[in-house]
Amino acid sequence: MSDNGGPTREEIIDRLAGFALFGDLSPTELRALAHSFEEAYFNAGQVVLRRGISGSGLYVIVEGRASVRVDGAELNRLMPGDFFGEIAILLDKPPSADVVAETELRCLVLGGSQLEQILIAHPRLLYRMLQAVARKLRDTMPWRS
Amino acid sequence: MVVIGSGPGGLQTSYFLSRLGVPHAVLSEDDAPGGMFRRWPLFQRLITWTKPFSPAPRTSRYYERYDWNSLIAEEEANRGLVAAFMDGTSYFPARREMEHNLADFTDRARVAVRYGCRWESTRREGDRYVLTTSDGEYRTPVLVIATGLTEPYRPPIPGLDEVPHYAEVKAPDAYRDKRVFIVGKRNSGFELADGILPLARQIILASPSPARFAIHTHTIAGVRARYIQPFEDHLLRGGVLVLDASIEQIARHAAGYRIRVRPSAGGESMELEADEVIAATGFQSRLGDLPALGLRTFSHYRLPAQTPFWESATLPGVYFAGTLTQGALGIRKHGISSASASLHGFRYNARILARHIAEAHFGIRVPTRTLRPADAVPYLLSELTRAPELWLQRSYLARVLSVVPERGIVDEGVLPLHHFIESADMSGVAVTIELNAEGESYPAVYVRHAASLSEHLLSVSRLLDFETDAHAKELAAALAPLAIGHPPR
């Protein structure tokens, strides 16, 4: 693929295998799963996930960095392998923060309704996601850890 | 300025540019209009319908919701042209009927195309693009690429480059009494399976993920109902096998092909024999040498990354029309794509694009009208009930009213919803139809007042009619901060 087309589907599958979220899946499972995701590209400064707008998806960062912000104040920074949007889907509520691309950003995106099916079909993925959500919880409420 | 491509995307864009008085040239390497419809679909009928009889008259704007195949026009005489070419045996036009219709529109609306003109290379000189073509050089600050997705794509499966692509499939009779293996379970794979169903001895369709059907996805992204027959054959255990499996290798031998697949659900690899293999693995964009100038693309379709107004995210002045506009993803609520991949979606993008180019690059101001406050709610509910743009480009295009201090309520027209959401300085309202994962349709209302954006989802109407007192009350309540909606008495 050209320099400006980002990683190929095969390269994306290889990279996913290196991300903690997908670490327990076999290559065949990963390949089937990767086909459920759409790819998306964002320019630096673009809002990826918007506070208060319902019906958002799950995003996994493949390339680039993003920033989690509330009223412009940065709460967290996200890197390749990080994912976001899962809490809004699990609670069926609009996101409570904005996620903004800090650099050119390439993500995989999954529609909210597909997340439940995928988590139920892949309990190890569910467990990894639970771990990540627990980590976020601990980071926001340090006195409880 | 220059438009490249004479498929429906290029023709529709040129039509609206001309209506706005924007001088431009349309270049096409083909020798007649029609684009992909000059060759595909292979099995002759489209998957998009045109209903000859509908609740709206054929010359009305509201008819467009029932006619997914006509280019749109300002003048009544050029509206809803497809139905006139159809012979009444199906509400899916035949490929040839569609091709004739596009040629007819081109003649009637006087869309001028320089045929046989091949775009060869591109360079930048200051703020201009210089196109070298078989017809000499063109210099332009604004370029619209409407070259479609026409480059056969094959995923890197060992041996797959040795088999014919969908684009090279032979006449159906070539598959008589053959065992045929089709790589891909999207519309083109099922279209092939359906086309050769009466002839083939056995058909195997395989790809890693389960097939997704339009009756479940509620969008054209799924396999359409008219191609479901091979799947029913699979479920009833006839001569069709549908496999969720990775294809590991395709090896040609004297008598045909040996294919190794690994089931997605786990387990050992399996070997299969087939007489014929077809790659129904889709098409990529043809963007010439623009990637070398800095154009960003994404996904294996090589879709150009775009702004909400279909301008390249990285190459200013380069815009897209036609099916390439699916690269402007919008806000994808509930994971549902726009209809921009298909004519019934991108024809509206073209109208908005032409106006945007006229205003942004040619200093042409398209007049807007104002509304009385009492008219806002009835007008928006009428649009939500019948506007084709809002029903066909759900959660993607929206009717926008802005509140401007010196003018009052201004009808900004139909605009990309994403643009309204990103326009932090615009006070007003955008309304569209939203579809959720359960398949329910309801109005979604976005209100921005004092730089604060709020979302309001109105009630579902089983009869798809939002001109009710209940919806008027809900909408008026949503508009209250803007002081433009009077609640009904």
Contacts under 6 angstrom Cβ, first residue in segment A:50-67 being facing chain B (nearest Cβ under 7 Å) and β-branched (Val, Ile, Thr), partner crowded, with 18+ Cβ neighbours inside 10 Å and assigned to a strand (DSSP E or B), 6 or more apart: A:Ile53/B:Glu455
Of all residues in segment A:46-87 being over 26 Å from B:Ala221 (Cα atoms) and of a type in the set (Gly, Ala, Ser), the one that is nearest to the chain's Cα centre (by Cα): A:Gly81
When residues of segment A:28-45 are limited to those that are more than 7 Å from chain B (Cβ to nearest Cβ) and within 16 Å of the chain's Cα centre (by Cα), the one farthest from B:Pro210 (Cα to Cα): A:Phe42
Some residue of segment B:353-367 being without any contact (Cβ under 8 Å) to a residue 60 or more places away in the chain, away from chain A (no Cβ under 12 Å) and assigned to a strand (DSSP E or B): no
Scope segment B:465-488; condition in a helix (DSSP H, G or I) and open to solvent by less than 50 Å² (accessible area, probe 1.4 Å); matching residues: B:His471, B:Ala472, B:Leu475, B:Ala476, B:Ala478, B:Leu479, B:Leu482
Segment B:332-345 residues that are at the interface with chain A (Cβ under 8 Å from one of its Cβ atoms), paired with ones that are open to solvent by 10 Å² or more (accessible area, probe 1.4 Å) and of a type in the set (Val, Ile, Thr) (beta carbon under 6 Å, 6 or more apart): B:Ile336/B:Thr219
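For segment B:234-247, state whether one or more residues are assigned to a loop (DSSP other than H, G, I, E, B), within 14 Å of another protein chain (Cβ to nearest Cβ) and touching a strand residue (DSSP E or B) at 6+ places or on another chain (Cβ under 6 Å).
Initial filter on segment B:234-247 (assigned to a loop (DSSP other than H, G, I, E, B)): B:236-239.
Cutting the leftovers down to within 14 Å of another protein chain (Cβ to nearest Cβ) gives us none.
No - not one qualifying residue is present in segment B:234-247.
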Any strands (runs of 3 or more DSSP E) falling wholly within segment B:255-302 and containing at least 3 residues that are within 14 Å of another protein chain (Cβ to nearest Cβ): B:256-263
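Return the residues of segment B:304-314 that are more than 7 Å from chain A (Cβ to nearest Cβ) and either touching a Pro at 6+ places or on another chain (Cβ under 6 Å) or free of Cβ contacts under 8 Å to residues at least 60 places away in the same chain (or both); say none if nothing qualifies.
Listed by number, the residues that qualify are B:Gln306, B:Thr307, B:Pro308, B:Trp310, B:Glu311, B:Ser312, B:Thr314.
The values are calculated or read from the model by the stated rules, or taken from the named source; none is laboratory data. Keep in mind the model is a prediction, meaning the values are calculated, not measured. Here Cβ is always computed from backbone atoms with ideal geometry, including for glycine, and neighbour counts include all displayed protein chains. The area values use the complete protein model at the heavy-atom level, side chains included, leaving out ligands, DNA and RNA. Shrake-Rupley method; radii C 1.70, N 1.55, O 1.52, S 1.80 Å.
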